[in-house]
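Please read the structure below before turning to the comments.
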Amino acid sequence: MLRFPNGAGIGQLLTAEQQRIRQLEAEVSQLKSDNALLKKSIGLLCPRTKMTYALVDQWQQKASIMQACRLLGVSRSGYFASKQRAKTASMCKVDVHLKAAYPLLMEPKEEPRVRVLLIILTFFSVSVSAKDLFFMWQELPPITWEENNVVRGGMYDIMVAACQKQNIKCRFNMAPVVRGMRELELGHIDGFLALAPNKDREAFSVLSPALITVQFGYLRLKGATKMTNLSNLSGYEIGVVRGSTSLKMVQNHTSAIEKLTIDEETDIVTTLKKLAAGRYGEKGAIFGVISTLEFEAKKLGIEVEPILTTDVLQLSNLFSKKSVDSETLTRFFKTLEEMKQSGEVANILKPYALTASP
């Protein structure tokens with residue numbers, strides 16, 4: 001046991017809790033000092049905002065965009081605006097010179113070394129003009145999720161493979177659906193992974209070919225009575241993720257249910273924890289993709305099972321109409337379709353016990 005210093009309670013011992021508080025205070029003080037030093041160092045080494053945004057890009061494998069921007073002292077809106085400006089640039093300087101010089105490639109009288117130079121310029125122009133793509137995804141295991149700071153999931157693996165086949169640099173960052181749709185509509189991101197068709201999103205996004213088949217349903221704690229139709233849910237309180245396709249489905253089901261209370265939650269984990277704690281009452285259930293809810297419940301040590309299966313949907317990836325050009329969309333969708341037809345998508349999904357769309 002530690003003693004208080006002289007004048008602060010001589011002879012009195014610090015309890016284990018007080019010792020822990022002092023230790024945590026010291027650690028917080030050290031972390032604040034380290035953060036201040038980091039920000040000062042970055043400010044000295046990279047004074048331009050553009051360089052700071054580049055650091056945000058590099059840190060995305062280690063931290064979220066929000067966390068990186070906060071640590072580096074830049075606004076998230078400024079970061080996304082910078083990305084959008086880079087995307088909308090009409091052409092690079094090499095393209096301008098190349099367009100003017102291209103006819104010379106076909107001139108037989110041109111000096112051989114000049115022709116070689118123009119060929120090099122052609123290759124260089126294609127390289128520097130390649131477009132990077134930035135996708136967001138939601139925590140939806142085993143379709144997309146993060147484990148030990150590593151992104152995993154059937155849909156994530158499909159998209160990584162598609163990007164590699166096209167030599168496109170693709171970046172991925174986790175975000176809630178509501179925020180992701182806002183960024184997609186503004187053109188701040190290029191796409192959002194693993195979503196079902198939704199008319200509300202058609203105005204600002206384009207769906208890729210369907211890739212994964214999923215079953216939706218209502219779940220309760222293990223041992224609950226099974227149901228035969230939606231009307232059996234009368235008087236129930238349902239937990240569902242806010243802004244999701246699952247929420248839209250439950251809202252549509254209300255026409256067949258005499259009385260239903262819907263609780264909108266921030267994520268799947270919250271719905272499971274509330275269900276386990278009895279927060280939805282004696283007549284409480286949750287709704288969503290059955291495989292996802294069961295996967296997350298197992299991680300939390302919560303035993304759940306479906307009491308009623310409902311919709312079967314095909315999951316696709318949404319691409320922004322504002323930030324992705326038609327040529328890129330055509331090429332990307334063709335690659336995904338070829339992966340489906342060859343059986344590559346099914347092989348990628350097999351380890352996750354997921355079913356490929358027909």
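The values are calculated or read from the model by the stated rules, or taken from the named source; none is laboratory data. These numbers come from a predicted model, not from an experiment. Note that each Cβ is placed from the backbone with ideal geometry, even for glycine, and that neighbours are counted across all protein chains shown.
Residues in the stretch 178-196 that are in a loop (DSSP other than H, G, I, E, B) and more than 11 Å from the chain's Cα centre (by Cα): Gly187, His188, Asp190, Ala196.
Pairs are defined by a Cβ separation below 6 Å, a sequence spacing of at least 6 or placement on different chains, a first member in the stretch 305-328 that is touching a residue at least 40 places away in the same chain (Cβ under 8 Å) and surrounded by 16 or more Cβ atoms within 10 Å (Cβ to Cβ), and a second member that is assigned to a strand (DSSP E or B) and among the basic types (Lys, Arg); the pairs so defined are Ile307/Arg220. Since Gly239 meets every condition but one in (1) in a strand (DSSP E or B); (2) in contact (Cβ under 8 Å) with a residue 60 or more places away in the chain, which condition does it not meet? Failed condition: (2). Within the stretch 250-270, being out of contact with any helix residue (DSSP H, G or I) (no Cβ under 8 Å at 6 or more places or on another chain), part of a helix (DSSP H, G or I) and closer than 25 Å to Thr228 by Cβ holds for Val250, Gln251, Asn252, Thr254, Ser255.
Under the condition of being in contact with a helix residue (DSSP H, G or I) (Cβ under 7 Å, 6 or more places away or on another chain) and surrounded by 18 or more Cβ atoms within 10 Å (Cβ to Cβ), the residues counted in the stretch 290-301 number 4. Taken over the stretch 201-235, the criterion of being charged (D, E, K, R) and in contact (Cβ under 8 Å) with a residue 24 or more places away in the chain is satisfied by Arg201, Arg220, Lys222, Lys226.
So that you can scan it fast, the table gives a plain yes or no per residue for (1) within 24 Å of Asp200 (Cβ to Cβ); (2) at pLDDT 95 or above; (3) in the same structural domain as Gly284 (by TED's automatic domain parsing):
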| residue | (1), (2), (3) |
| --- | --- |
| Thr309 | no, yes, yes |
| Glu327 | no, no, no |
| Phe333 | yes, yes, no |
| Glu337 | no, yes, no |
| Lys340 | no, yes, no |
| Ile348 | no, yes, no |
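The one condition from (1) surrounded by fewer than 13 Cβ atoms within 10 Å (Cβ to Cβ); (2) at pLDDT below 75 that Ala16 does not meet is (2). Considering the conditions (1) more than 23 Å from Leu247 (Cβ to Cβ); (2) at pLDDT 95 or above; (3) surrounded by 15 or more Cβ atoms within 10 Å (Cβ to Cβ); (4) not aliphatic (A, V, I, L, M), Thr271 is excluded by exactly one of them, (1).
Here's the yes/no breakdown for (1) among the acidic types (Asp, Glu); (2) farther than 16 Å from Thr292 by Cβ; (3) in contact with a Leu (Cβ under 9 Å, 6 or more places away or on another chain):
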position: Ile212; (1), (2), (3): no, no, yes
position: Gln215; (1), (2), (3): no, no, yes
position: Ala224; (1), (2), (3): no, yes, no
position: Met227; (1), (2), (3): no, yes, yes
position: Leu233; (1), (2), (3): no, yes, yes
position: Gly239; (1), (2), (3): no, no, yes
position: Val250; (1), (2), (3): no, no, yes
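Considering (1) under 30 Å from Lys340 (Cα atoms); (2) of a type in the set (Val, Ile, Thr); (3) touching an Asp or Glu at 6+ places or on another chain (Cβ under 9 Å), the lone condition that Val178 does not fulfil carries the number (3). Pull up the stretch 158-172, narrow it to residues that are among the β-branched types (Val, Ile, Thr) and within 16 Å of Ile348 (Cβ to Cβ), then point me to the one that is surrounded by the most Cβ atoms within 10 Å (Cβ to Cβ). Ranking the qualifying residues of the stretch 158-172, first place goes to Ile158.
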